[in-house]
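Colleague: Pasting a structure here, questions to come.
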Amino acid sequence: MEIVRELPLDQVLLGDCVQLMGMLPPASVHCVFADPPYNLQLRGELRRPDDSLVDGVDEEWDRFTDFAAYDAFTRAWLTECRRLLRKDGTIWVIGAYHNIFRIGAMMQDMGFWILNDVVWRKANPMPNFRGRRFTNAHETLIWAARDRDSRYKFNYQAMKSLNDDVQMRSDWYLPLCTGPERMRNQHGLKLHPTQKPESLLHRVMLASTSPGDIVLDPFLGTGTTASVAKRLHRHFIGIERHPAYAEAAIGRVRQTKPGDGAGLSTPTKRDIPRVPFGSLVERGLITAGTKLMDRQRRVSAVVSADGSLVSGEIRGSIHKVGAALQNAPSCNGWTFWHFERDGILVALDVLRTHAV
C-alpha cells in the first residue's frame, strides 16, 4: 500500500477507514476522535412496541454478525489510529454499552494509556419504548494517550473557564443534537441516527488540542468533528464510507466559518514559557528599579539590573524573596509579584508570554 506523504488536511475522504488510514504517514496527527459502529443488539430499547426500529438504526454498518468480527475490525482501526498518533497524542473513543467495554479492553491490550472515562449524560435522552429496561441516558467516552510515557496535552485552565471557573468533572451534561444543528435528508428525516452534538466535540477539542493541531475522525458521519475543528482553527482529516454522509459533511464544512479568537484558550502552566526573570530585565520588558508588590500591597521589593530583587536586607530571586517575606518554605514569584501599570497591579506572569 502506497503511503501518501502530504496529509489531506481539511478534507473529507470517502472510503474504508482502515484502508485510507493505512495510506497516511505515521505520527502525523495530534488527536483522534472516533465514533465507531455500535455493534447494536437489535432487540430491546431500540425498538418500538410495534417492533419497528427507532431513528433508522437498522443499518448494516452498525451490526456485526458476531463479536469476533467486530473485535477484528476494532483492532484494525485502533492499530491504524495508534500508528498515526504522534507520540504525545491522544485519542477519544465514544460508545455505548454495546461496544465501549470491548473497545476499552482492546485499547489497554494495545498499549494505549487510559486517562479518563467521561460520561456524556444526555439532557434529553430517547425514552425506552418497551419499558423493559432503564432509559439509556448516557454514552461513555474513553480518553487515552498513545502510551504511558506520552506528555499529552490537557488544557486544564480552558476546561475550568468553560465550567464557570470550577474544575471540570468527568460527567458532562449536554443535550442531544436537535434543532437546526440536526442534519436532515430531502424528506425532512434525520440523515444520521447518531449525529453527535457540536457542544460535545467543542469540549473534546478545547480540552486536548491547540489551534493548528490536526484532528483525525475515521468515522466522520455528517461532519460534526470537521465543522467544530474548522470553527476552532484546528485542521481535520475526516473519513466516511457512506456517500450521503460524506456529501453532507462536505457541505456542512463549507458553510462553517472559523470563529473569532483564533480558537485560543487560557494557557496551562505547561504552556507558559520557562524563562529566567533576568532575561525579561535584559530585554527591557521590565526595567531595573521597578517596584514590585504583592497583590495586597503589603510587601515590596525593587528589581535589580541582574534580575534579583532587593527588599531591605533580603536579596535573591523573585521566588526566594517572595518566600522570605511571607516566612514560607516556597513561593511562585511569577504569580506573587505584581507591578503597576496605569494605576493597576499586573502580575509578573503576563510578561512571560512576551519572552519567546
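What follows is calculated from the coordinates using simple rules that are stated; it is not laboratory data. Bear in mind that the values here come from a model prediction, so they are computed numbers and not experimental data. Please note: Cβ atoms are built from the backbone with ideal geometry, for glycine as well, and neighbour counts cover all protein chains shown.
Colleague: Determine Rg/Rh for the chain; Rg is computed over alpha-carbon atoms and Rh is the Kirkwood hydrodynamic estimate from the same atoms. All intermediate terms of the calculation are to be shown ahead of the outcome.
Modeller: On the way: Rg = 25.4 Å, Rh = 23.2 Å.
With Rh from the inverse mean 1/r over Cα pairs, Rg/Rh is 1.09.
Colleague: Rank the residues E340, E6, E139 as a footprinting-exposure proxy: fewest other Cβ atoms within 10 Å of their Cβ go first. It would help to have the intermediate numbers written out before the result.
Modeller: Details: E340 13, E6 7, E139 21.
Lowest to highest Cβ neighbour count: E6, E340, E139.
Colleague: Is there a quick way to get the dipole size of region 171-243? I mean about its Cα centre, with the Cβ of Lys and Arg at +1 and of Asp and Glu at -1; what is the value in debye to the nearest 20? If you can, show how the numbers build up before the last one.
Modeller: Numbers: 9 positive and 6 negative charges, 40 e Å.
With Lys and Arg at +1 and Asp and Glu at -1, about 200 debye.
Colleague: Which three extents, in angstrom, do the Cα atoms of region 277-354 have along their principal axes, listed largest first?
Modeller: Cα extents, longest axis first: 30, 25, 20 Å.
Colleague: Further question: Taking Cα atoms of region 103-196, Rg/Rh with Kirkwood Rh, to two decimals?
Modeller: Numbers: Rg = 17.3 Å, Rh = 16.3 Å.
Rg/Rh for region 103-196 comes to 1.06.
Colleague: Restricting to the chain, what percent of DSSP beta bridges are antiparallel, rounded to 5?
Modeller: Working: 29 of 48 bridges.
Antiparallel bridges make up about 60 percent of those DSSP assigns within the chain.
Colleague: Determine the sum of side-chain charges near L345: Lys and Arg each +1, Asp and Glu each -1, restricted to other residues whose C-beta is under 15 angstrom from that of L345. Kindly include the intermediate steps, with their values, before the conclusion.
Modeller: Values: positive: K291, R295, R297, R298, R341; negative: D294, E340, D342, D349.
The answer is +1.
Colleague: Also, I was wondering about something else. Take every Cα-Cα pair in region 153-209 and report what % of them are more than 17 Å apart.
Modeller: 48
Colleague: Here is a further query. Greater than 30 Å separation of Cα atoms is the criterion. Which listed pairs, K160/K230; K87/K320; K160/K190; K196/K257; K87/K190; K122/K153, meet it?
Modeller: Values: K160/K230 23 Å; K87/K320 37 Å; K160/K190 34 Å; K196/K257 19 Å; K87/K190 38 Å; K122/K153 26 Å.
Those over the limit are K87/K320; K160/K190; K87/K190.
Colleague: Which cross-chain or sequence-distant (5 or more) residues have an amide H under 5 Å from the amide H of L191, H modelled 1.01 Å from N in plane?
Modeller: The list, which skips near neighbours in sequence, is M183, R184, N185.
Colleague: Sticking with this one: Based on DSSP H runs of at least 4 residues, each adding -39500 (n - 2.57), what is the mean residue ellipticity at 222 nm of the chain after dividing by all its residues, to the nearest 500 deg cm²/dmol?
Modeller: Values: 10 runs with 92 residues, N = 356.
Mean residue ellipticity at 222 nm (helix-derived): -7500 deg cm²/dmol.
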